[in-house]
Amino acid sequence: MSLSIESLSVPALDLKAQYQTIRDEIERAVRDVIESQYFILGPEVAALEAEVARYCEAEHGIGCASGSDALLLPLMALEVGPGDEVVTTPYSFFATAGAIWRTGAKPVFVDIDPETFNIDPALIEAAITPRTKAIIPVHLYGQTADMDPINAIAKKHGLAVIEDAAQAIGASYKGRRTGGLGTAAAFSFYPSKNLGGFGDAGLVTTDDPELAKRVARLRVHGMEPKYHHHEVGFNSRLDALQAAVLRVKLRHLDAWTEGRRTVAERYQNLFEGQASTREVVLPTESTDRFHVYNQFVIRVPSAIRDSLREQLAARRIGTEIYYPVPLHLQTCFASLGHTPGDFPHSEAAANETLALPMYPELAEEAQRHVVESIGQIFEERAKTSKKGSGRAA
Ligand SMILES: *Cc1c(COP(=O)(O)O)cnc(C)c1O
């Protein structure tokens, strides 16, 4: 018997659906760690580091406490600090700019390409000054930034490139995976990411052995050997329990990525077959990239985005806004002196984007319900505005 549409609730993310499929493997892996009583770093973490590095086609992997730390640690290892500048996008999760700020350096924002939501390489060069030390492109929603021109600019100016790959493990650019596309890369294993732990965790990849060593040392208070401190790092150790969970999940990652891509394709087909949602702009996948759809993000006119979200919530359809306030307009960065209008594409995206339910197990029936509901809401709105009643949709 199929569920009646009225009773169908579609969450933005359903982690329980995935857990059901791997419960036994996870329980075994967690039990092994508990039996070993080895909880911090150690063999599980070393194994995860090697496996993720191999998966990302990078030489070294260094586990750490979060994706935010995975951005901060390579910046520290590259000695980015007060007086320096780091170029990045204003349309990302806060941690991208927060990591730059925490080193004492200044985030210098460059607007996005409205088609991909990623930093526009054509605008980077104008933002470079003698103080620029690095560029942090973000592979937003699971699709890589345009790395060739970014790396060419970095090479010309002697800059490091740190990929913010928090949303894009397994994504590729011209056949090469994230994690090996710059000087270093930051991954997050926050539960909602494509490879999500049972808590916070992160990892840095790099091909540079010296950088890898320094990142590994900084995550343990700059200590090497024990109780000898060469520089001041901090505690960003990774737990063995998280590593054990992540090692199990890594074995399923490619299958889950295929699941996400199937869900994305179904959304595309469902929207294309429905006239009432002509105004909805669907995400695109560049031909030279492999998109891993951490999110499926549509654009709708800003005048209806928030009301659409509320009406979907009333129908028990979960959505999210990634991200409602671009980074240059965050209160904590007021001293940078930015005003609305500085980065128009990022500001438009912040007002127009809506992330629809997305996870590998999402069923076609649920997706049909989401797309038809959006269609009905658009139809209602068209009727109301035709009547000229002035009532809000
Ligand atoms: C999730 C995320 C981070 C931070 O990762 P945490 O593990 O939450 O610290 C950084 N950048 C982007 C783009 C993210 O999506």
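The values are calculated or read from the model by the stated rules, or taken from the named source; none is laboratory data. Since this is a predicted model, take the numbers as computed values, not measurements. Methodologically, a virtual Cβ is constructed for each residue, glycine included, from the backbone with ideal geometry; neighbour enumeration extends over all protein chains shown. With ligands, DNA and RNA removed, areas are computed over all heavy atoms of the protein, side chains included. Shrake-Rupley method; radii C 1.70, N 1.55, O 1.52, S 1.80 Å.
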Of all residues in region 254-281, which are β-branched (Val, Ile, Thr) and open to solvent by 60 Å² or more (accessible area, probe 1.4 Å)?
Thr262, Val281
Only one of these conditions is not met by Gly197: (1) under 24 Å from Leu15 (Cα atoms); (2) buried (at least 24 other Cβ atoms within 10 Å of the Cβ); (3) in contact with an Asp or Glu (Cβ under 9 Å, 6 or more places away or on another chain). Which number is it?
(2)
Considering only residues that are touching a Phe, Trp or Tyr at 6+ places or on another chain (Cβ under 9 Å) and over 21 Å from Gly98 (Cα atoms), which ones fall in region 133-168?
Gln143, Asp146, Met147, Asp148
Within the set of pairs 6+ apart or on separate chains, which have a first residue in region 46-70 that is closer than 17 Å to Lys249 by Cβ, a second that is open to solvent by 30 Å² or more (accessible area, probe 1.4 Å) and more than 16 Å from the ligand (Cβ to nearest atom), and C-beta atoms under 7 Å apart?
Ala47/Arg247; Leu48/Arg247; Glu51/Arg247; Ala53/Glu59; Ala53/His60; Cys56/Arg177; Gly61/Ala50
Residues in region 89-119 that are more than 16 Å from the ligand (Cβ to nearest atom) and among the basic types (Lys, Arg): how many?
1
Return the pair list, or none, for Cβ contacts closer than 6 Å from residues in region 280-297 that are under 14 Å from Ala168 (Cα atoms) to residues that are among the β-branched types (Val, Ile, Thr), at least 6 apart or on different chains.
Arg289/Thr144; Val292/Thr257
For residues in region 47-58 being in a helix (DSSP H, G or I) and either over 21 Å from Arg177 (Cβ atoms) or open to solvent by less than 20 Å² (accessible area, probe 1.4 Å) (or both), which is farthest from the ligand (Cβ to nearest atom)?
Ala53
Residue list for region 335-351, restricted to those being open to solvent by less than 70 Å² (accessible area, probe 1.4 Å), away from the ligand (no atom under 16 Å from the Cβ) and outside any loop (DSSP other than H, G, I, E, B)
Leu336, Glu347, Ala348
Considering region 59-114 alone, what residues qualify as being open to solvent by 20 Å² or more (accessible area, probe 1.4 Å) and in a strand (DSSP E or B)?
His60, Lys106, Val108
Determine which member of the set Ala122, Ala165, Ala152 is more than 11 Å from the ligand (Cβ to nearest atom) and either over 23 Å from Glu352 (Cβ atoms) or touching a strand residue (DSSP E or B) at 6+ places or on another chain (Cβ under 9 Å) (or both).
Ala152
Index of the failed condition, Leu327 passing every other in (1) buried (at least 19 other Cβ atoms within 10 Å of the Cβ); (2) more than 16 Å from the ligand (Cβ to nearest atom):
(2)
When Gly233 is evaluated against the numbered criteria (1) within 16 Å of the ligand (Cβ to nearest atom); (2) part of a loop (DSSP other than H, G, I, E, B); (3) within 15 Å of Leu71 (Cα to Cα), which criterion, by number, is the only one it fails?
(1)
Of all residues in region 299-317 being touching a residue at least 60 places away in the same chain (Cβ under 8 Å) and of a type outside the set (D, E, K, R), the one that is surrounded by the fewest Cβ atoms within 10 Å (Cβ to Cβ):
Ser307
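Per-residue answers, yes or no, for (1) over 30 Å from Val263 (Cα atoms); (2) of a type in the set (D, E, K, R):
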{"site": "Tyr19", "(1), (2)": "no, no"}
{"site": "Arg31", "(1), (2)": "yes, yes"}
{"site": "Glu51", "(1), (2)": "no, yes"}
{"site": "Val80", "(1), (2)": "yes, no"}
{"site": "Ala97", "(1), (2)": "yes, no"}
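For region 289-306, state whether one or more residues are of a type in the set (Ser, Thr, Tyr) and more than 18 Å from Ala12 (Cα to Cα). Let's see the steps before the verdict.
Going residue by residue through region 289-306, those that are of a type in the set (Ser, Thr, Tyr) are 293, 302.
Restricting the remaining residues to those that are more than 18 Å from Ala12 (Cα to Cα) gives 302.
Among the residues of region 289-306, at least one is of a type in the set (Ser, Thr, Tyr) and more than 18 Å from Ala12 (Cα to Cα), which makes the answer yes.
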Kindly provide the set of residues from region 148-173 that are assigned to a loop (DSSP other than H, G, I, E, B) and in contact (Cβ under 8 Å) with a residue 24 or more places away in the chain, ordered by number.
Leu159, Ala165, Ala166, Gln167, Ala168, Ile169, Gly170, Ala171
